[in-house]
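The values are calculated or read from the model by the stated rules, or taken from the named source; none is laboratory data. Predicted model, so just to flag it, every value in this text is computed and none were measured. Backbone-built Cβ (ideal geometry, glycine too); neighbour counts: all protein chains shown. Areas reflect the complete protein model, heavy atoms only, side chains present, ligands, DNA and RNA absent. Shrake-Rupley method; radii C 1.70, N 1.55, O 1.52, S 1.80 Å.
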Amino acid sequence: MDLNQSLYIEHLEELSMLYEQRVGLICINQWKWPDFMPLEQRFEPHIDALVIGEDEALALCEEMAVSGEYSECYGALRVICRQTNQKILATCVAAMDLGKTENAMAARDALCQDLPESFQDEFVQFLLKKSPDHILLAARIIASRRLDFASELIEALQRYADEKKMVLTLIHAIGRLRPRHGTEFLLNFLHSTDKEIVDTAVTALIRIGERRALRECMAFIGPGDWPKMSLGLYGDQNTLSDSFFSVSDFDEEDTTALSRDHVIAIGLLGNIASIHELIDCLENPDLAESAALALNLITGAQLTEEVFVPDDIDPDDLFDDERELWEKGLLYPKGKEPGVMINRLSRNSDDWIQWWKKKQRRFNHRIRYRNGKPYSPACLLDNMTSKDSPEMIRKLAHEELVIRYGIDIPFETHMTVHQQLRAIETYMIRLKGNPDGFVDGLWYYNGKPINEGLMVFENDVPSTFKEVAP
């Protein structure tokens with residue numbers, strides 16, 4: 001082995017190690033999303049070195065893309081993409097075992113990050129003609145990059161309508177593209193006996209933005225079976241009220257009456273009439289975390305508390321005498337249990353009651369709120385940008401920008417930090433100066449107000465809402 005080859009192997013190993021580290025950190029969910037940027041920047045020197053290595057480095061990457069571990073596949077595919085070698089890329093991806101979840105994830109990440117635009121459409125066409133696993137990969141690339149392949153996805157959905165994994169992935173991708181001609185076929189999946197498929201179809205139809213399709217959804221699905229989160233994404237002020245699911249009707253013995261999704265959906269709607277019910281939800285251990293998040297979404301109060309979180313103990317790792325003490329709750333003296341103190345959104349109902357008593361006069365019951373401000377695209381961008389926003393909230397904020405305001409700029413939380421920041425900057429430029437005339441605090445769907453009667457007029461000209469006591 002010559003010196004150059006050993007250096008290329010070392011660079012690919014470093015790439016592999018960095019990718020494994022990134023995947024592991026995402027899984028444990030302890031880093032804020034911007035914190036990944038320095039780690040991701042460390043990928044670049046290794047990729048550059050392998051690109052400079054040209055044919056010799058390319059031969060190594062071609063071999064490892066097919067025979068290596070998932071992390072080696074990732075690094076190899078990124079280098080092949082950077083060298084813009086379409087033929088070798090197609091050969092490698094065709095030979096990969098994409099039936100392995102790790103390989104499919106690595107291929108998705110690598111191709112969504114570096115697949116050259118110069119031949120991306122041709123390459124996706126190639127994938128769509130291959131195996132079901134390759135079609136799944138194509139759908140993920142199409143969804144992430146918003147490539148115009150709606151007709152091909154619908155055709156694939158017709159062919160694989162009995163395979164759940166394929167159906168979920170293809171419907172998700174179709175919803176990302178928002179084609180006008182896709183609604184009729186998607187409506188068929190509302191009859192599915194699989195709740196996950198129904199929920200995915202509803203979300204896709206909501207993203208597409210046709211009111212007629214939503215009316216047909218309502219005809220197919222009864223109020224009690226309607227996906228709760230979707231109601232928060234497109235509903236109006238009265239959604240999730242008595243006509244659908246009343247929070248005040250929650251019965252602790254009926255676990256189907258209220259869910260975490262339901263509570264988050266109430267937070268998305270931003271109706272302050274739900275504040276007291278959400279505070280009541282703090283008393284339910286299963287709902288407390290979601291209720292605190294929903295309250296903060298509406299109020300922006302940022303009430304926090306410091307709590308002790310004990311370490312997870314695997315009894316199989318203990319000696320017999322330790323296990324016996326652990327089972328009796330005597331392994332550690334009181335106050336000496338291993339764990340960490342964390343700062344989190346307060347789940348103390350008294351904290352929220354006191355805060356609301358002091359601050360409620362700042363809020364107008366006729367409008368909706370996000371982060372303590374009248375709901376607007378800027379508020380959603382704040383949720384997407386904030387390092388403290390949970391991943392779920394960042395995803396939902398982007399969904400809201402698309403569903404509420406009809407403005408879709410490709411954004412996924414699995415993108416690199418650089419790609420995410422670029423998408424957020426594009427949103428900021430697109431919305432600068434409010435060219436669409438959106439009124440803060442109004443309920444919108446697909447860029448149009450759905451409760452115009454709630455608007456405040458001054459001298460017959462619509463204005464932003466007055467801050468008055470409810």
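Report yes if some residue within the stretch 15-33 is open to solvent by 60 Å² or more (accessible area, probe 1.4 Å), among the acidic types (Asp, Glu) and under 16 Å from Ala138 (Cα atoms); otherwise report no.
no
Please enumerate the residues belonging to the stretch 366-396 that are farther than 23 Å from Asp35 by Cβ, touching a helix residue (DSSP H, G or I) at 6+ places or on another chain (Cβ under 6 Å) and not basic (Lys, Arg).
Going through the stretch 366-396, the residues farther than 23 Å from Asp35 by Cβ turn out to be 366-370, 372-379.
Applying the additional criterion that residues be touching a helix residue (DSSP H, G or I) at 6+ places or on another chain (Cβ under 6 Å) yields 366, 369-370, 372-373, 377.
Those that are farther than 23 Å from Asp35 by Cβ, touching a helix residue (DSSP H, G or I) at 6+ places or on another chain (Cβ under 6 Å) and not basic (Lys, Arg): Tyr369, Gly372, Pro377.
Any idea how many residues of the stretch 179-216 are touching a Gly at 6+ places or on another chain (Cβ under 7 Å) and either farther than 15 Å from Val402 by Cβ or among the basic types (Lys, Arg) (or both)? Walk me through it before giving the result.
Applying the first criterion (touching a Gly at 6+ places or on another chain (Cβ under 7 Å)) to the stretch 179-216 yields 203-204, 207-209.
Still in the list and also either farther than 15 Å from Val402 by Cβ or among the basic types (Lys, Arg) (or both): 207.
The total comes to 1.
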Task: Members of the stretch 29-43 that are assigned to a helix (DSSP H, G or I) and either in contact with an Asp or Glu (Cβ under 9 Å, 6 or more places away or on another chain) or more than 14 Å from Pro390 (Cα to Cα) (or both) - done: Trp33, Phe36, Met37, Pro38, Leu39, Glu40, Gln41, Phe43
Open item on the list: If the requirement is being open to solvent by 40 Å² or more (accessible area, probe 1.4 Å), assigned to a helix (DSSP H, G or I) and at pLDDT 90 or above, which of these qualifies: Asp316, Asp280, Asp321?
Closed with: Asp280
Task: Conditions (1) free of Cβ contacts under 8 Å to residues at least 40 places away in the same chain; (2) in a helix (DSSP H, G or I); (3) not β-branched (Val, Ile, Thr); number of the one not met by Ala106 - done: (1)
Open item on the list: Of the residues Val124, Val93, only one is open to solvent by less than 50 Å² (accessible area, probe 1.4 Å) and either among the basic types (Lys, Arg) or more than 18 Å from Glu412 (Cβ to Cβ) (or both); which?
Closed with: Val93
Task: Subset tally (residues that are more than 11 Å from the chain's Cα centre (by Cα) and surrounded by fewer than 18 Cβ atoms within 10 Å (Cβ to Cβ)) for the stretch 394-406 - done: 1
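Name the residues in the stretch 414-470 that are of a type in the set (Phe, Trp, Tyr) and modelled with pLDDT under 50, would you?
So the first thing to find is which residues in the stretch 414-470 are of a type in the set (Phe, Trp, Tyr), and the list is 427, 438, 443-445, 457, 465.
Of everything in the stretch 414-470, those that are of a type in the set (Phe, Trp, Tyr) and modelled with pLDDT under 50 turn out to be Phe457, Phe465.
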Task: Filtered residues of the stretch 202-247 (kept if modelled with pLDDT of 75 or more and of a type in the set (Ser, Thr, Tyr)) - done: Thr203, Ser230, Tyr234, Thr239
Open item on the list: For Ala301, only one of the following conditions fails: (1) of a type outside the set (Asp, Glu); (2) modelled with pLDDT of 90 or more; (3) assigned to a helix (DSSP H, G or I); (4) open to solvent by less than 90 Å² (accessible area, probe 1.4 Å). What is its number?
Closed with: (3)
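So, Phe126, is that one of a type outside the set (Gly, Ala, Ser), in contact with a His (Cβ under 9 Å, 6 or more places away or on another chain) and under 16 Å from Cys81 (Cβ atoms) or not?
Working: of a type outside the set (Gly, Ala, Ser): yes; in contact with a His (Cβ under 9 Å, 6 or more places away or on another chain): yes; under 16 Å from Cys81 (Cβ atoms): yes.
Judged against the criteria, Phe126 is a match.
What about Ser386, is it among the small types (Gly, Ala, Ser), within 21 Å of Leu303 (Cβ to Cβ) and open to solvent by 30 Å² or more (accessible area, probe 1.4 Å)?
Numbers: among the small types (Gly, Ala, Ser): yes; within 21 Å of Leu303 (Cβ to Cβ): yes; open to solvent by 30 Å² or more (accessible area, probe 1.4 Å): yes.
Yes; evaluated as a whole, the condition is true for this residue.
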Task: Which numbered condition Gln354 fails, given (1) open to solvent by less than 20 Å² (accessible area, probe 1.4 Å); (2) in a helix (DSSP H, G or I) - done: (1)
TODO: Would you point out the residue of the stretch 257-277, among those that are small (Gly, Ala, Ser), part of a loop (DSSP other than H, G, I, E, B) and under 23 Å from the mean Cα position of the chain (by Cα), that is farthest from Asp236 (Cα to Cα)?
DONE: Ser259
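Return yes when Asp55 is surrounded by fewer than 13 Cβ atoms within 10 Å (Cβ to Cβ) and in contact (Cβ under 8 Å) with a residue 12 or more places away in the chain and no when it is not.
no
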- [ ] Filter the stretch 135-151 for residues that are surrounded by fewer than 20 Cβ atoms within 10 Å (Cβ to Cβ), assigned to a helix (DSSP H, G or I) and without any contact (Cβ under 8 Å) to a residue 60 or more places away in the chain and give the result.
- [x] Ala150, Ser151
Open item on the list: Take Arg362 and tell me if it is at pLDDT 80 or above, open to solvent by 50 Å² or more (accessible area, probe 1.4 Å) and touching a helix residue (DSSP H, G or I) at 6+ places or on another chain (Cβ under 6 Å).
Closed with: no
Task: the stretch 65-79: number of residues that are free of Cβ contacts under 8 Å to residues at least 40 places away in the same chain and either small (Gly, Ala, Ser) or not in a helix (DSSP H, G or I) (or both) - done: 2
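Go through the stretch 365-383 and give me each residue that's within 15 Å of Leu345 (Cβ to Cβ) and buried (at least 20 other Cβ atoms within 10 Å of the Cβ).
Asn371, Asn383
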Open item on the list: Condition first: open to solvent by 40 Å² or more (accessible area, probe 1.4 Å), of a type in the set (Val, Ile, Thr) and assigned to a helix (DSSP H, G or I). Can you find one or more residues in the stretch 192-210 that meet it?
Closed with: yes
